[in-house]
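Worksheet: the structure to be examined is printed underneath.
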Amino acid sequence: SLERTLSIIKPDAVRRQLIGPILSRFEAAQLTPVAIKMLHLTQAQAEGFYAEHKGKPFFDGLVEFMTSGPITVQVLQGENAITHYREVIGKTDPTQADAGTVRADFAESMRFNAVHGSDSPASASREIAFFFTDDEICPPVEV
Ligand code: CMP
């Protein structure tokens, strides 16, 4: 079915001028951007976004990394977008990611892994709403 997922291009990839190449992978995979913005997360925003990982050994490093520079956040729409996007980006650990995936080609490590994606419909709803109001998603819905 037609779904939307929340995608992030992380500070490592923005720093390495990979916004264009990474968005191209999504478009080539029929994952169509319907909202895009660039921002630099505050500590509170990064901790809130990744709240489910609070207490894990990598949490502090994750927050430090995610606040280290600008990111792009985008809503991508397509058939089975949540699962399909995760196939396009590959596994969290780039050494485990299939050849041709975004992380296999652009990620440096488990932490510096270039992109994020929602892992379920519930996460997608929460994460899209974390960054976007309904009227920022194109086409806006008339109310
Ligand atoms: P992401 O998809 O953004 O969701 C949580 C992030 O935590 C993940 O990508 C990785 O960047 C990071 N992460 C998960 N596991 C580890 C780990 N074992 N060591 C370091 N970072 C991790």
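The values are calculated or read from the model by the stated rules, or taken from the named source; none is laboratory data. Model, not experiment: these values are computed from the prediction. Note: ideal-geometry Cβ built from the backbone for every residue, glycine included; neighbour counts use all protein chains shown. Ligands, DNA and RNA are stripped out before the accessible areas are found, and what is left, the full protein with its side chains, is counted by its heavy atoms. Shrake-Rupley method; radii C 1.70, N 1.55, O 1.52, S 1.80 Å.
Right, P121: within 15 Å of the chain's Cα centre (by Cα) and either hydroxyl-bearing (S, T, Y) or over 24 Å from G20 (Cα atoms) (or both) or not?
Values: within 15 Å of the chain's Cα centre (by Cα): yes; either hydroxyl-bearing (S, T, Y) or over 24 Å from G20 (Cα atoms) (or both): yes.
Yes: the conditions hold for P121.
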message: Which pairs turn up if I take residues in the stretch 123-134 that are farther than 10 Å from V75 by Cβ and without any contact (Cβ under 8 Å) to a residue 12 or more places away in the chain and look for partners that are of a type in the set (D, E, K, R) and not in a helix (DSSP H, G or I) with beta carbon separation below 9 Å, at least 6 apart in sequence or on another chain?
response: S125/R4
task: Give the residues of the stretch 29-42 that are away from the ligand (no atom under 16 Å from the Cβ), over 12 Å from L76 (Cα atoms) and not in a strand (DSSP E or B), sorted by residue number.
output: H40, T42
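Residue by residue through the stretch 42-63, note down the ones that are under 15 Å from L6 (Cβ atoms) and open to solvent by 10 Å² or more (accessible area, probe 1.4 Å). I'd like the intermediate steps shown before the answer.
Here is the first cut: in the stretch 42-63, the ones under 15 Å from L6 (Cβ atoms) are 45-46, 48-52.
Result: Q45, G48, Y50, A51, E52.
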- line: Subset of the stretch 5-22, residues closer than 14 Å to V102 by Cα, within 12 Å of the ligand (Cβ to nearest atom) and not acidic (D, E), comes to S7, I8, I9, K10, A13
Cβ pairs under 7 Å, 6+ apart, first in the stretch 2-18 and β-branched (V, I, T), second part of a helix (DSSP H, G or I): T5/A81; T5/I82; T5/Y85; T5/A124; I9/I19; I9/I22
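Given the criteria touching a residue at least 24 places away in the same chain (Cβ under 8 Å), open to solvent by 10 Å² or more (accessible area, probe 1.4 Å) and not in a strand (DSSP E or B), does H116 qualify?
Details: touching a residue at least 24 places away in the same chain (Cβ under 8 Å): yes; open to solvent by 10 Å² or more (accessible area, probe 1.4 Å): yes; not in a strand (DSSP E or B): no.
It is false that H116 is touching a residue at least 24 places away in the same chain (Cβ under 8 Å), open to solvent by 10 Å² or more (accessible area, probe 1.4 Å) and not in a strand (DSSP E or B).
Answer yes or no as to whether I128 is assigned to a helix (DSSP H, G or I) and touching a Gly at 6+ places or on another chain (Cβ under 9 Å). Before the answer, list the steps.
Details: assigned to a helix (DSSP H, G or I): yes; touching a Gly at 6+ places or on another chain (Cβ under 9 Å): no.
In short, no.
Does the stretch 64-87 contain at least one residue that is hydrophobic (A, V, I, L, M, F, W, C), touching a residue at least 12 places away in the same chain (Cβ under 8 Å), surrounded by fewer than 19 Cβ atoms within 10 Å (Cβ to Cβ) and part of a helix (DSSP H, G or I)? Lay out the reasoning, then the answer.
At the first step, the residues of the stretch 64-87 found to be hydrophobic (A, V, I, L, M, F, W, C) are 65-66, 71, 73, 75-76, 81-82.
Now drop any that are not touching a residue at least 12 places away in the same chain (Cβ under 8 Å), which leaves 65-66, 71, 73, 75-76, 81-82.
Checking the rest, the ones that are also surrounded by fewer than 19 Cβ atoms within 10 Å (Cβ to Cβ) come to 65.
Now narrow it down to the ones that are part of a helix (DSSP H, G or I): 65.
Yes, the conditions are met somewhere in the stretch 64-87.
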task: State whether the residues of the stretch 94-112 include one that is at pLDDT 95 or above, at positive phi, surrounded by 14 or more Cβ atoms within 10 Å (Cβ to Cβ) and within 13 Å of the ligand (Cβ to nearest atom).
output: no
message: If the requirement is being aliphatic (A, V, I, L, M) and at pLDDT below 95, which of these qualifies: V141, V73?
response: V141
